[in-house]
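Since the structure comes first, as structure tokens, the remarks are kept for the end.
Read-outs throughout are calculated quantities, based only on the coordinates presented, and are distinct from any laboratory measurement. These numbers come from a predicted model, not from an experiment. Virtual Cβ from ideal backbone geometry, glycine too; neighbours counted across all protein chains shown.
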Amino acid sequence: MNLDDALQTFIAESRELLEEMENALLNVDLAGDQGEAINAIFRAAHTIKGSAGLFSLDHIVAFTHVVESLLDKVRDGSVTLNDEMVVLLLSCCDYLSGMIDALAAGQHEQDPDTAPEGEMLQQQLRRHMDGEAPAAPAHLAVHAEPSVERIDTQRGDSDYWHISLRFGRGVLQNGMDPIAFLRYLGKLGRVVGIATLPDALPAADEMDAELCYLGFEIAFDSTADREAIAGVFEFVQDDCEIRIIPPNSKVSEYVNLIRSLPERAARLGEILVRCGSVTAHELEEALHQQSGKQEVAPQQLGSILVDAGNVPPVVVEAALAKQKQVSEQKAQESRSIRVDSDKLDRLIDLVGELIIAGARANMIGQQIQNTELLECTSTLTGLVEDVRDAALELRMVKIGATFNRFQRVVHDVARELGKDIGLIVDGEDSELDKTVVEKIGDPLMHLVRNAMDHGIEPAEVRVAAGKPAKGMIKLNAFHESGSIVIEVSDDGGGLRKEKILAKAIERGLVDAERKLSDSEIYNLIFEAGFSTAEKITNLSGRGVGMDVVKRNIQALRGSVDVGSREGQGTTVTVRLPLTLAIIDGFLVQVGSSVFVIPLDMIEECIEYATEPGQDYTNLRGQVLPLVRLRTLFRIGGAATRRDSIVVLKFGNHRAGLVVDTLLGEFQTVIKPLSPMFSEVKCISGSTILGSGEVALILDVAALMNTVSGKGAVAALAA
């Protein structure tokens, strides 16, 4: 086993578990089943502790053990989870995250600089536990010699659950405490009798102190169902042998239990009798009836129990269905593997080269008019498209993981600002390229923080305006026209147009005589250094950030727009391409130059004769602004007699792109432009054609900006 690879897996899984733990803590009040949410938090901490022990990371084990101990008390109800404890546990998540980051950087020991912080957190955790932990029941003590402790010796008309436990050898090494499970079992009912079985203990000189050799037979009085009882042992169920016999069961089931266990039958029978699960007479009679009979295969047990009248058929059917579901779930889990992102990037690069080579082969086939070659290239093109789609799907991830990060941001920033703010997340299942997800996190972070600081008013102001005291931020994502749209909304006071315009005029950003639309005024907030904040805070007010947000989004071939209603709230809309690697494109030609338009942005193509210099046309009763590529890029040569117009749609905006020739669809492998061309407007990248020539990819969002306002002007002129 390669320990370095295993350690990297531990680091990745620990980060995922800490993220899950943080999300569960932030949403514990909203959880329908709070007990399940607390179990999820405990499970995450327990898994990190157990895995850290495998690598002898004692400082992580020691810290997580204290966190786990508090969570265990929360889980069994002896400590109540309150807001103060949630904040403390979130701080513990941060501290653990720092230790994992240090481990990833090669530091395998406790950092002396952060040790005081860890000790302080542990002291706070212990303070929450002090005086609240119940004493362990005496009957749960593990005896060195075989023993049975009987709490209630009178069976009477009552009957009990019987639980047979054989803990796995590695349960202690995995950080599990067998006694803790038995103590937690007592929360669901009353342990009537318990026997500790040390039969598997080897000789003293052969015994490994880190291994568990114990077994238990337990008579349990409870109104809980089988699923709840089995849930007590969910953390060890894969490593242990657990058998649960319900109340009022046939004695034959106890006989089958005795036959399946490793200990001597006579001794086990005596233990069952002393626990109170069966009487001596019942056991003796059942053993006598079962003597000489062959053992029953597990597959036949269900039908035999039904025939014998021990259980109704519906119970057996439900058990078989559950067993099948569990086996299918495990099979599904075994099909998931972790793949290094660099390998996926390499795969996409190779697919891109394959597409270019396929386009070259297809062009050669058309030039020489070889029927067989054309047929082969057609088949090849279809296969390459399938490979492309499959490869791109591997890179697609849900944006929900990015959205969930903001639960903590909203929680912490709201406390810092002294505001009551909640977060609503919608569309978290929407998928886009992992590269886009990685790069959009910071811009969204700034938008959320800005909405909390500038958008949401203080509680007293909201109440005076007739709003709920608690403000809400909403993150929403959905697919539209081959793009993903992300909306960051708030129900705050909205943007004040007059104040923004006055500040812009004061800064010299716009002419005082110029008439601006509402959208143009709102988008002034993205200008460098622009701020209307009256005071500087830790979050904003210096005029730094929104211009960076816009620049980073545009670097992803995206766009950002703002809509607002004063007194009701603001919505910032970010529109991004689904992938930055390979797209379906449409080739157009102007003069000798070839350009690519993203196919998802095209609404239709028409032939139309336009007047020279005319910047708009009438398309079925609607004004359509025009963009002439020949004029925009100053391409020489005479214009064609009839123009072709490609109608583009980007969000709610439409425009017509005037070109000479339509060349058709083309699988486009996006190649980044050199930094030398970073300031070139309306171009987002390049691609290589089958002929080996370079074609430029048009930036539709930037093209729309060139015609901004033309439609309105044309409508007024009409």
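Descriptive notes on the structure:
- The simple spin-label model puts a point 7 Å past each Cα toward its Cβ; for Asp58 and Met396 those points are separated by 5.0 nm.
- Put simply, when 352-363, 108-119 are sorted by average Cβ atoms within 10 angstrom per residue, most first, you get 352-363, 108-119.
- Each residue of region 661-672 is assigned a 3J(HN,Hα), and the resulting list reads 9, 9, 9, x, 6, 7, 5, 10, 8, 6, 10, x Hz, derived from the Karplus form 6.51 cos²θ - 1.76 cosθ + 1.60 (θ = phi - 60°), x at Gly and Pro.
- Euclidean distance of C-alpha centroids, region 53-130 and region 387-446, integer Å: 26 Å
- Computed about the Cα centre, the dipole magnitude for region 161-258 is approximately 480 debye when only Lys and Arg (+1) and Asp and Glu (-1) carry charge, each at its Cβ.
- Count Lys and Arg as plus one, Asp and Glu as minus one, and take only other residues whose Cβ is under 11 Å from that of Leu71; the net charge is then +1.
- A simple count of charges around Lys474, restricted to other residues whose Cβ falls under 10 Å of its Cβ and scoring Lys, Arg +1 and Asp, Glu -1, yields -4.
- Summing charges over neighbours of Asn552, with a neighbour being any other residue whose Cβ is under 9 Å away from its Cβ, gives +2 when K and R count +1 and D and E count -1.
- Close amide-amide hydrogen proximity is noted between Phe666 and Gly585, Phe586, Leu587, each under 5 Å apart and 5 or more residues distant or on a separate chain (H modeled in the peptide plane; Pro and chain starts excluded).
- Backbone N within region 476-502 under 16 Å of label point (7 Å from Gln622 Cα along the Cβ vector): 481
- Remark: region 1-96 carries a charge dipole of roughly 240 debye about the Cα centre, counting +1 on each Lys and Arg Cβ and -1 on each Asp and Glu Cβ.
- Going from the fewest other Cβ atoms within 10 Å to the most, the residues Tyr213, Tyr522 appear in the order Tyr213, Tyr522.
- Measuring r between the beta carbons of Ala502 and Ser97 and using R0 = 60 Å, the FRET efficiency lands at 0.85.
- In a fully extended conformation the segment linking Leu662 and Glu520 would gain 47.8 nm over its present Cα-Cα distance, using 0.36 nm per residue.
- Taking amide H as placed 1.01 Å from N in the peptide plane, Arg628 has its amide H under 5 Å from the amide H of Val658, each at least 5 places away in sequence or on another chain.
- Exposure proxy ranking, count of Cβ atoms within 10 Å, fewest first, for Val67, Val463: Val463, Val67
- The stretch between Glu416 and Asp386 holds 5.8 nm of extra length on full extension. This uses 0.36 nm per residue minus the Cα-Cα distance.
- Cβ-based exposure ranking for Ser164, Ser378, in which fewest neighbours within 10 Å come first: Ser378, Ser164
- The residue among Gln110, Ile11, Gly50 whose Cα reaches farthest toward the positive pole of the charge dipole of region 3-129, with charges on the beta-carbon of Lys, Arg, Asp and Glu, is Gly50.
- Site pair Glu227 and Ala203 shows an inter-label distance of 5.0 nm when each label is modelled 7 Å from Cα along Cα→Cβ.
- Compared with the direct C-alpha span, the chain from Gln173 to Leu509 gains 114.3 nm at full extension, assuming 0.36 nm per residue.
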